[in-house]
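Beneath this line is the structure, given in structure tokens, with notes to follow.
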Amino acid sequence: MKEQKSIHYTFSYLILIFFIFSFIGWVWEVAFHIAIDGAFINRGVFYGPWLPIYGSGGIVMVLLAVKLKSHPLCLCGSIMAVSAVLEYITSVALERMTGNRWWDYSEYLFNFQGRVCLYGLLVFGIGGCLIIYRVMPGLEKKIEKIPVQIRRGICIALVILFFIDAMMVMKNPNQGAGISIAAMR
């Protein structure tokens with residue numbers, strides 16, 4: 001495998017990666033539900049176009065790739081493991097905070113408490129590798145071209161918007177048909 005120059009992961013770079021992956025995850029889930037349900041559903045607990053679980057997973061995936069990029073199977077397995085942990089912890093935390101269950105994989109084979117399933121983990125592992133090997137090289141070049149001051153300004157604006165959204169979510173999370181499963185008893 002051809003070695004590429006290593007990018008220096010600054011704090012602003014990682015914040016941008018978080019928001020890019022959060023947005024990509026949101027688009028993925030919205031598009032999926034448009035295809036399945038035939039309707040736009042703003043997926044996730046937040047109101048903005050982001051799903052932080054995808055952003056967090058994206059950061060970890062990019063950092064894993066620093067050491068594992070030359071070992072695709074190890075990278076895929078590591079992405080699957082990280083995805084399992086993130087998805088499980090997020091599911092438990094959201095349920096405890098809101099009393100709602102946000103997803104349930106109980107009908108899938110090889111699921112654990114309906115919170116994670118092998119099928120989903122395979123999608124994340126394979127999709128994550130495709131992103132690392134095909135998308136990230138071009139994305140890294142685009143991010144590097146953004147002047148540092150502009151990059152920092154974009155990060156500050158995104159963090160402020162995210163913080164405002166988080167404050168709204170603490171009072172009234174985005175939920176309902178197609179977003180969360182009926183309130184737990």
Quiz item: Hey, among the residues in region 29-86 that are in contact with a Leu (Cβ under 8 Å, 6 or more places away or on another chain) and part of a loop (DSSP other than H, G, I, E, B), which one's farthest from Leu122 (Cα to Cα)?
Solution: Gly48
Quiz item: Looking only at region 98-135, which residues are in contact (Cβ under 8 Å) with a residue 24 or more places away in the chain, closer than 24 Å to Asn174 by Cβ and within 17 Å of the chain's Cα centre (by Cα)?
Solution: Trp102, Trp103, Arg115, Val116, Gly120, Phe124
Quiz item: Looking at region 116-137, is at least one residue modelled with pLDDT of 95 or more, in contact with a strand residue (DSSP E or B) (Cβ under 8 Å, 6 or more places away or on another chain) and either hydrophobic (A, V, I, L, M, F, W, C) or surrounded by 13 or more Cβ atoms within 10 Å (Cβ to Cβ) (or both)?
Solution: yes
Practice problem: Report yes if some residue within region 35-42 is in contact (Cβ under 8 Å) with a residue 40 or more places away in the chain, under 16 Å from Ile179 (Cβ atoms), acidic (Asp, Glu) and surrounded by fewer than 17 Cβ atoms within 10 Å (Cβ to Cβ); otherwise report no. | Solution: yes
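The values are calculated or read from the model by the stated rules, or taken from the named source; none is laboratory data. For clarity, every value in this text was computed on a predicted model and none was experimentally measured. Backbone-built Cβ (ideal geometry, glycine too); neighbour counts: all protein chains shown.
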